[in-house]
Amino acid sequence: MTGTATASRTSAPQLDERDRARMERAFRLPRARVGMSAVAAVVLFVWSANGAQFDFLKLGEGAANMGEFLGRMFPPDFSKIGLILSLLLETLQMAVVGTVIGAVLSLVVAFGAASNIAPVWLYYPCRWTMNVIRALPDLVIALMFVSAVGLGPFAGILAMTVGSIGSIGKVFAEAMEAVDRGPVTAMESVGASKRQIIQYAIVPQALPMLTSYTLLLFEGNIRGATILGLVGAGGIGLELTTAMNRYEYGHLSAMVLCIIVLVTIIDQLSALIRRKIT
């Protein structure tokens with residue numbers, strides 16, 4: 001037994017020194033790259049913090065002011081609960097309509113922005129369109145529609161719809177690009193048309209992700225609708241601004257608490273739906 005083990009050890013192939021160095025270098029290089037990437041990330045963060053005048057000391061000094069502001073918001077004043085609920089309902093309705101229209105239009109644009117579906121002459125214009133929309137802040141889009149159609153929730157719905165094309169349309173396109181190529185190749189091999197491939201191979205695979213992203217868009221539109229109201233685009237945002245300008249901190253606190261409750265309920269419902277579809 002001992003002789004056999006000794007013979008097997010002596011007969012084992014020996015690595016050449018150059019091969020051994022090459023194999024060791026293959027394991028060392030990624031570590032070096034990770035280290036260099038970490039250093040670059042730290043340098044980028046420090047450079048950005050200096051340029052943006054980020055200051056931990058100033059944050060600590062302002063903590064007392066933030067505590068004082070939060071103290072003024074208690075106790076909340078629910079004397080105008082009817083108005084708050086009415087505005088929250090309007091905000092919810094804006095988010096529902098904006099999400100439905102925005103998701104449909106985003107899906108249409110996403111078909112043109114998916115590289116595995118659209119031809120080159122359609123792919124790049126759709127991508128550029130979404131890039132341009134994403135470059136515009138939501139408040140700027142809302143101001144454009146307020147000037148076009150006037151104050152009110154209709155301008156907010158239009159702003160959310162257009163903003164959705166830029167944000168969620170890109171995610172829709174990437175979800176369709178990430179589908180498994182197996183079913184697509186199988187349908188191509190039997191002569192299926194482009195419409196059939198999209199309908200039976202791409203969309204069914206991407207549908208869970210598309211649904212999840214649509215729910216995420218809806219949650220974002222609820223929060224976004226409260227902000228769009230700041231520029232007169234409907235929702236509860238205008239009342240929030242009015243309460244702050246009038247130093248009605250109790251009323252402001254009541255609205256914030258109601259918004260938190262609404263967003264929490266929607267988040268829980270969205271999580272339940274996601275668990276059902278995944």
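Numbers at a glance
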quantity: Per-region count, region 226-278, residues of a type in the set (Asp, Glu) and in a helix (DSSP H, G or I); calculated: 2
quantity: Verdict on residue 151 being at pLDDT 85 or above and open to solvent by 20 Å² or more (accessible area, probe 1.4 Å); calculated: no
quantity: Selection status of residue 96, surrounded by 11 or more Cβ atoms within 10 Å (Cβ to Cβ), under 19 Å from the mean Cα position of the chain (by Cα) and of a type outside the set (S, T, N, Q); calculated: yes
quantity: Qualifying residue in region 136-154 (condition: touching a residue at least 40 places away in the same chain (Cβ under 8 Å) and not in a helix (DSSP H, G or I)); calculated: yes
quantity: Hits in region 115-135 (condition: open to solvent by less than 60 Å² (accessible area, probe 1.4 Å) and within 18 Å of the chain's Cα centre (by Cα)); calculated: 127, 130, 133
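Here is a yes/no grid of residues against (1) touching a helix residue (DSSP H, G or I) at 6+ places or on another chain (Cβ under 8 Å); (2) assigned to a helix (DSSP H, G or I):
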{"residue": "63", "(1), (2)": "no, yes"}
{"residue": "76", "(1), (2)": "yes, no"}
{"residue": "82", "(1), (2)": "no, yes"}
{"residue": "85", "(1), (2)": "yes, yes"}
{"residue": "88", "(1), (2)": "yes, yes"}
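The values are calculated or read from the model by the stated rules, or taken from the named source; none is laboratory data. All values derive from a computational prediction rather than experimental measurement. For neighbour counting, all protein chains shown are included, and Cβ atoms are generated from backbone atoms with ideal geometry for every residue, glycine included. Keep in mind that these areas ignore ligands, DNA and RNA; they rest on the heavy atoms of the full protein, side chains included. Shrake-Rupley method; radii C 1.70, N 1.55, O 1.52, S 1.80 Å.
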